[in-house]
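Encoded as structure tokens, the structure appears first; notes follow it.
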């Protein structure tokens, strides 16, 4: 935690003009938070009860709301977070996560709250049959699960806006600064809510099934499943069952920034120019969701589902369409950006986490308690799981997110395009490449004040304060061979240099 804050203090403070005291939104400035549990943000119809009761039932939609304590702002930007879980209730989903109180989500939510956001961990309706005998049923139940997730996400957005307008705004939401953030399966929700703004987009070949008369019929039918915003009634005329209820009609469902950690997009044809900026984190070897494009495979039973697209292709199009120009124009320079850029093929908004040592680890940011009922199953793909490991990846996730959210949400004015970074000539590293240690020296009159060492994945390895010298030696110690970024703070700026240990 201290290392993360140190980096933001001496790098990000130089990037942003007019920052509120203590760099709110860029670092964790609040000590205490408060959590209000099970706030009802709407109600809708769940199909999860059908195997038990024979019919769908109405369920309340709830969220846990995190707020910083002793915050003086009248309105705070809102982050709506969606958990993982394969659209199946935990622990039946065989995963270590699947609730609004997943350890991973709670850790990131609390850290974002300490940065000054109001964060809501949002529950949503479940229901998918990944082991159906027929592939068409696996596809049908998945696209409908995602469709319900989009409806619930938009319901949560409208709740935020209605709460601010009609309910006295007890949580001091800022309805003009809303971010959707999905983890794992929640990434499907945040991605598809970003782009699926018209029911007609669902009407593509892979989401059609063969009808009783042999003609194709859509898997999602608006009069039956409700509109894509969750503002209309959906009724099955064959059974008489209601499948969708309207919530907070009259408020728009617009939001302003999209974040996904894993997950995938149903189809990139849904992504259009002019849509909101997006930030994506994904392991390129993710076995559960493609980094580029592939047919989803149900893990364990190896059943094919449907072709979807992952973060690499999504961000390629977002950059091509200019949707992430707000990030590019900000010219953000910090350790996390360097780490992302080392592997993202120049795609702003994309942070790949390379897991060459364990390619099956699709969520290195995850951790859970050993008494989790699916603990052993989780260790199959994440054997070195720990809070320390997860929190290190959270450092990178939040470090990459913070300045981009700052400009995308216009939190305190735009990032300056005249960053006080120093010419690289002011810092020398010898030898480079190095074997056991390297000497940093400066020709500037200003001494080196602080040095931070960041690895290729954006993880902070070392942070040295109070250097206060023209020279400093970085020792290899337990660092593996590879490229590292050295961020050297001086009195009038920061120099970023690469150091290679071989």
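A short reminder: the numbers here are calculations on the coordinates, not readings from a lab. Since the model is a prediction, treat every value here as computed from it, not as a measurement. In this analysis, Cβ positions are derived from the backbone assuming ideal geometry, glycine residues included, and neighbour counts consider all displayed protein chains.
For segment 233-381, the spread of Cα coordinates along the three principal axes comes to 56, 43, 29 Å, biggest extent given first. Between helix 387-408 and the chain there is an angle of about 90 degrees, using the helix long axis and the longest principal axis of the Cα atoms.
I'd like the orientation of helix 103-114 relative to the chain: the angle between its Cα long axis and the longest Cα principal axis, in ° from 0 to 90, rounded to 10. Taking Cα atoms only, the helix is inclined about 60 degrees.
Using packing as a proxy for protection, rank 447-456, 403-412, 256-265 so that the peptide with the highest average count of other Cβ atoms within 10 Å comes first.
Details: 447-456: 20.0, 403-412: 22.0, 256-265: 27.3.
So the peptides 447-456, 403-412, 256-265, ranked by packing, come out 256-265, 403-412, 447-456.
Protection proxy ranking for 344-353, 206-215, using the average of other Cβ atoms within 10 Å per residue and placing the highest first: 344-353, 206-215.
Taking all Cα pairs closer than 8 Å and separated by 6 or more residues, the relative contact order of the chain comes to 14 percent.
Working from label points 7 Å from Cα in the Cα-to-Cβ sense, the residue 302 to residue 492 distance is 6.4 nm.
Once you have the Cα-Cα distance between residue 254 and residue 357, take 0.36 nm times their residue separation minus that, and quote the gain in nm to one decimal. Working shown, then result.
Values: separation 103, 0.36 × 103 = 37.08 nm, distance 4.04 nm.
Net length gain for the segment: 33.0 nm.
What ranking do 271-278, 474-481 get when scored by the average of other Cβ atoms within 10 Å per residue, highest first? Mind showing how you got there, number by number?
Values: 271-278: 18.0, 474-481: 12.4.
The peptides rank, most packed first, as 271-278, 474-481.
In the chain, the calculated helix contribution to ellipticity at 222 nm averages -7500 deg cm²/dmol per residue, counting -39,500 (n - 2.57) for every DSSP H run with n ≥ 4. Of all alpha-carbon pairs in segment 424-501, indicate the percentage at a distance above 21 angstrom. Of the Cα pairs, 18 percent sit more than 21 Å apart. Over all pairs of different C-alpha atoms, segment 104-157 has a mean inverse distance whose reciprocal, the Kirkwood radius, equals 13.2 Å.
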